[in-house]
Amino acid sequence: QVQLVESGGGLVQPGGSLRLSCAASTSIAEIYAMGWYRQAPGKQRELVARISDDGITFYADSVKGRFTISRDNAKNTVSLQMNTLKPEDTAVYYCNGHSTFITLVKKLYFYSWGQGTQVTVSS
């Protein structure tokens, strides 16, 4: 069964940093785009950052300049470096992917959603 496992979350003070990691059980080399998403209590899941198979990145306006997404196809992992964290970054963070550009446009996800990893930013 193809699955993703997210890790690296935790409790951090405002201004702090965390690095999230997403490990896939199969190769991600053929996955067109991998992304990180988050869902805060009472809100819909939203895209945080995405990286294509040729390294092109996209970031939500709310995290631009603070978060950096990367992928390692050899290790089948996707990471999210989060700096200068704010209380509004508090959420459960998930990763997922789109196998092709068409499925990205149609918002069809390649993987089932995992358990996610909780990030809490609070003093």
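The values are calculated or read from the model by the stated rules, or taken from the named source; none is laboratory data. Since we're looking at a predicted model, the values are computed, not measured. Note that each Cβ is placed from the backbone with ideal geometry, even for glycine, and that neighbours are counted across all protein chains shown. Surface accessibility is based on the protein's heavy atoms, side chains included, excluding ligands, DNA and RNA. Shrake-Rupley method; radii C 1.70, N 1.55, O 1.52, S 1.80 Å.
Descriptive notes on the structure:
- For segment 6-123, the number of Lys pairs separated by eight or more positions or lying on different chains, with C-alpha atoms closer than 26 Å, is 9.
- Sites listed here are trypsin sites (Lys or Arg not before Pro) in segment 1-43 whose DSSP assignment is loop and whose Cβ has at most 12 other Cβ atoms within 10 Å: Lys43.
- Bins of 10 Å, starting at 0 and running to the largest distance - Cα pair percent for segment 2-123: 14, 49, 31, 6, 0
- Computed packing ranks the peptides 89-102, 71-84 as 89-102, 71-84, most packed first, by mean other Cβ atoms within 10 Å.
- Each residue was assigned an accessible area with a 1.4 Å probe, and for Thr68 the value is about 80 Å².
- Segment 22-123: GluC sites (Glu not before Pro) in DSSP loop, at most 13 other beta carbons within 10 Å: Glu30
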